[in-house]
1. Normalise the Debye intensity by I(0) for the chain, one equal point scatterer per Cα, no solvent, then take log10 at q = 0.12, 0.13, 0.14, 0.15 Å⁻¹ and round to two decimals.
2. In 10 Å bins starting at 0, how do the alpha-carbon pair distances of the range 133-224 split up by percent?
3. If r is the Cβ-Cβ distance from T73 to S109 and R0 is 22 Å, what FRET efficiency results, to the nearest 0.05?
4. Can you pull the Rg over Rh of the range 5-126, Cα-only, Kirkwood?
5. Could you check the spin-label model distance between M56 and M18? Points 7 Å from the Cα along Cα→Cβ, value in nm.
6. For the range 5-126, what is the relative contact order in percent, using Cα pairs closer than 8 Å and at least 6 residues apart in sequence?
Amino acid sequence: MKKWTLLIVEDEEDIREMLALHLQQEGFKVMDAANGEQALELARHTLPDCLLLDLMLPGMDGLAVCRELQRDTRTADIPVIMLTARGEEIDRVVGLELGAADYVVKPYSLREVTLRVRSVLRREEKKAPAPAMICGNIHMDSIRHSVRASGQPVELTGTEFRLLEDLMRHKGAVRTREQLLNSVWGYSFEGYGRTVDTHVRRLRGKLGEDSDSIETVRGVGYRARE
């Protein structure tokens, strides 16, 4: 059985040590970082299976770390669980838009964190790469993690890639915002359908002249044209 590797990014030493000890006892291999710069260096060199990322970090905060992870093809697919004392809606929305897999608000129980980690990792384990897919002039190869539009390579974040992959898997079928939230983010974030709209808008921008391959179905959701 695989031993999952977690990277805990938390500036408060007592919380970091408590999480690390508990998760080690639960059977995980654990690394830790006290700031965003150290977290990025560790993530790029070790490629952990999941990040537990505090939002309120000194210097480079958690949102900035998440953006940098998404920009790097080596780390774009690492699921991130955000840990934060801030529970305002705007923080949840921003975290989702940056591709967070889950979101836990302090104070939290160690059991809750463990359950969230296991849930995210189970979803990652079940993801089977789809064969090469075509939608109009868009060609996607999930195994090679590559997308081309009209013959030109398209650089997508991990979340944008999963969104396009879901739409192309279900080509011709309408995907509701709720279905996309569950499939792409792997969690039911009720009331955050606008996160899907934001990512579709960014995805279309990167597809350029082929953006019309992603069709809006008013009042319902989106679909990839057949």
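Values quoted throughout were computed directly from the atomic coordinates according to the rules given, and no laboratory measurement underlies them. These numbers were taken from a predicted model, which means no experiment stands behind them. Glycine also receives a Cβ, built like all others from the backbone with ideal geometry; neighbour counts cover every protein chain displayed.
1. Calculated log10 I(q)/I(0) at the listed q: -0.65, -0.76, -0.87, -0.98.
2. 17, 56, 25, 2
3. Efficiency, from the Cβ-Cβ distance: 0.05.
4. On the way: Rg = 12.9 Å, Rh = 14.1 Å.
Using Cα coordinates only, the ratio equals 0.91.
5. For M56 paired with M18, the spin-label model returns 1.4 nm.
6. Values: 191 pairs, mean separation 27.1, N = 122.
The value is 22 percent.
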